Amino acid sequence: MTPAARLSAAIEILDAWHAAGTPIDVVLRRWGQAHRFAGSKDRAAIAERVYAVLKRRSRLAWRMAGESGRALVLGSLCDIDGLSPDEIDACLKSGGSHAPSPLSSSERERLLMPLDDAPAWVIGCYPEWLHDDLARGLGASLAREAKAWFTRGPTDLRANLLKTSREDARTALLASGYVVALTPLSPIGLRIPAGRSVTSSTPYAEGLVEVQDEGSQLAVLAAGAAPGMTVCELGAGAGGKSLALAAAMGNRGRIVAADTDRARLERMEPRLARAGVSIVEPRVMEDASALGDLEGVCDLVFVDAPCSGSGTWRREPENKWRLTPQVLETHLRTQALLLRQGAELVRPGGRMVYVTCSLLPQENDDQLAKFLTQDRRFERAQTGDCESPTGTVPLQDGVLRLTPGTTGTDGFFAAVLHKNRPVRGG
């Protein structure tokens, strides 16, 4: 395919995504199935263009005064590639019948228009309705975080300490042809070049490594899971954090991985087998009684709360455009419910860890403050470090805060809470 034909494909895909509301990875896959003449390099280049456009959607739409696939792709040639209108037109005219039509006079004018007067949410490329919330949560660092959303997140792996060490896992990956670095913050993490898949490699097949962002690894380490504990993960999904908790526990103890989505839990089984984990029990939360046997007995409850996912926008840029006030409100209600449910499972003297991959204060500090006001049995962990068998994670006032702009990880909020023991004689 010519460069111009790739642009036409990106326009078609973006229009289909906007019209149908289908996840962009599904739209890309369907396009590839319907256009089998496109080679792997063509598909990769088209996908790269599509994701780059979604990351910058609001500023491209502002520049071009429209949100059609054509407007966004043409705007990206100026905003991302730095091409002039004449250079863009030359590219379009060189592509023949498969190229987008040449620039109109109005498109030329828009491409020359500066963005100096654009509001912050346009420059930073996030939904306008979230500006006040993001500004409240991130303060002066909002502009820096917005720039980080334009970058490509690295591919991070967690060495499975049940089967190997970090150094031995790194050696195995090197032998499989990967360029491998140690993660700078997580003591159990490895990093390979962005976009490189590991799931077909021998180290992955043997369960030596799992794909897990460094921030997610640190959130699990902050929980301080240890061998012999009874642990419940609420919102376990497909089990990525349950696997990490089991490794931190040396596969000794008990983990109940609970979720309302049976299909997601079923995807956990092969992952557990590959990792050599035997202490995780997937459990569907069909009603309020599903976890009755755990009431007051858990050493640790790990609340992996559903959220806006704003901490992962550099990886999944479409999510910021799909988020609505109604969806966010649903997340807030679910988060509060999980905190209340989790509180009843923790034994006196145990702990609960509340985790989101969000940068929004209403999902993080506001949610935490509301819970602590309502349930006086809990208090924040002391300021300092949370020791775990695999490393030390810094906490500030009992909270771990990670963002793409400050730590180079996905955005995570992890609050460590202790449940006070009953007062004797009280």
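The values are calculated or read from the model by the stated rules, or taken from the named source; none is laboratory data. Just so it is clear, the model here is predicted, and its values are computed rather than measured. Don't worry about glycine lacking a Cβ; one is built from the backbone with ideal geometry, like all the others, and counts go over all protein chains shown.
Each row is one residue, and each column tells you yes or no for (1) in the same structural domain as residue 345 (by TED's automatic domain parsing); (2) in a strand (DSSP E or B); (3) surrounded by 23 or more Cβ atoms within 10 Å (Cβ to Cβ).
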residue	(1), (2), (3)
190	no, yes, yes
195	no, no, no
200	no, no, no
203	no, no, yes
219	yes, no, yes
227	yes, no, no
244	yes, no, yes
252	yes, no, no
255	yes, yes, yes
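Scan 248, 169, 236 and give me the residue that is modelled with pLDDT under 95 and buried (at least 21 other Cβ atoms within 10 Å of the Cβ).
236
Which of the helices (runs of 4 or more DSSP H) found entirely inside the range 115-175 contain at least 1 residues meeting this: touching a Gly at 6+ places or on another chain (Cβ under 8 Å) and acidic (Asp, Glu)?
142-149
Which pairs turn up if I take residues in the range 218-241 that are farther than 15 Å from residue 256 by Cβ and look for partners that are among the aromatic types (Phe, Trp, Tyr) and part of a strand (DSSP E or B) with beta carbon separation below 6 Å, at least 6 apart in sequence or on another chain?
So the pair list comes out as 219/412.
Out of 54, 142, which single residue is buried (at least 16 other Cβ atoms within 10 Å of the Cβ), of a type in the set (A, V, I, L, M, F, W, C), free of Cβ contacts under 8 Å to residues at least 60 places away in the same chain and not assigned by TED's automatic domain parsing to the domain that holds residue 404?
After ruling out the rest, the residue left standing is 142.
Given the residues 368, 337, 328, which is the only one that is surrounded by fewer than 15 Cβ atoms within 10 Å (Cβ to Cβ), at pLDDT 95 or above and part of a helix (DSSP H, G or I)?
Being surrounded by fewer than 15 Cβ atoms within 10 Å (Cβ to Cβ), at pLDDT 95 or above and part of a helix (DSSP H, G or I) holds for just one of 368, 337, 328, which is 337.
Being more than 28 Å from residue 81 (Cα to Cα) and crowded, with 23+ Cβ neighbours inside 10 Å narrows it down to one residue among 161, 185, 157; which is it?
Going through 161, 185, 157 in turn, the sole match is 157.
Yes or no, residue by residue, for (1) in the same structural domain as residue 230 (by TED's automatic domain parsing); (2) touching a Pro at 6+ places or on another chain (Cβ under 6 Å); (3) of a type in the set (Lys, Arg):
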residue: 265; (1), (2), (3): yes, yes, no
residue: 294; (1), (2), (3): yes, no, no
residue: 314; (1), (2), (3): yes, yes, yes
residue: 319; (1), (2), (3): yes, no, no
residue: 329; (1), (2), (3): yes, no, no
residue: 345; (1), (2), (3): yes, no, no
residue: 354; (1), (2), (3): yes, no, no
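Are any residues in the range 30-45 outside any loop (DSSP other than H, G, I, E, B) and either surrounded by fewer than 14 Cβ atoms within 10 Å (Cβ to Cβ) or more than 24 Å from the chain's Cα centre (by Cα) (or both), and if so, which ones?
Those that are outside any loop (DSSP other than H, G, I, E, B) and either surrounded by fewer than 14 Cβ atoms within 10 Å (Cβ to Cβ) or more than 24 Å from the chain's Cα centre (by Cα) (or both): 31, 32, 33, 34, 40, 41, 42, 44.
Looking at 309, 342 in this structure, which one is at pLDDT 95 or above and on the phi > 0 side of the Ramachandran plot?
Only one candidate qualifies: 309.
For a quick check of your reading of the model, give me the residue pairs whose first member lies in the range 12-34 and is touching a residue at least 12 places away in the same chain (Cβ under 8 Å), whose second is in a helix (DSSP H, G or I) and among the charged types (D, E, K, R), with beta-carbon atoms closer than 6 Å and at least 6 apart or on different chains.
Qualifying pairs under 6 Å: 24/318.
Name the single residue that is surrounded by the fewest Cβ atoms within 10 Å (Cβ to Cβ) among those in the range 57-96 being under 16 Å from residue 11 (Cβ atoms) and of a type in the set (Ser, Thr, Tyr).
If we take residues in the range 57-96 being under 16 Å from residue 11 (Cβ atoms) and of a type in the set (Ser, Thr, Tyr), then 68 is surrounded by the fewest Cβ atoms within 10 Å (Cβ to Cβ).
Given the criterion of a type in the set (A, V, I, L, M, F, W, C), surrounded by fewer than 21 Cβ atoms within 10 Å (Cβ to Cβ), touching a Leu at 6+ places or on another chain (Cβ under 7 Å) and closer than 30 Å to residue 37 by Cβ, identify the matching residue among 135, 99.
Testing whether each residue is of a type in the set (A, V, I, L, M, F, W, C), surrounded by fewer than 21 Cβ atoms within 10 Å (Cβ to Cβ), touching a Leu at 6+ places or on another chain (Cβ under 7 Å) and closer than 30 Å to residue 37 by Cβ leaves just 99.
Only one of 179, 220, 211, 198 is of a type in the set (Val, Ile, Thr) and in contact with a Pro (Cβ under 9 Å, 6 or more places away or on another chain); which?
Residue meeting the stated conditions: 179.
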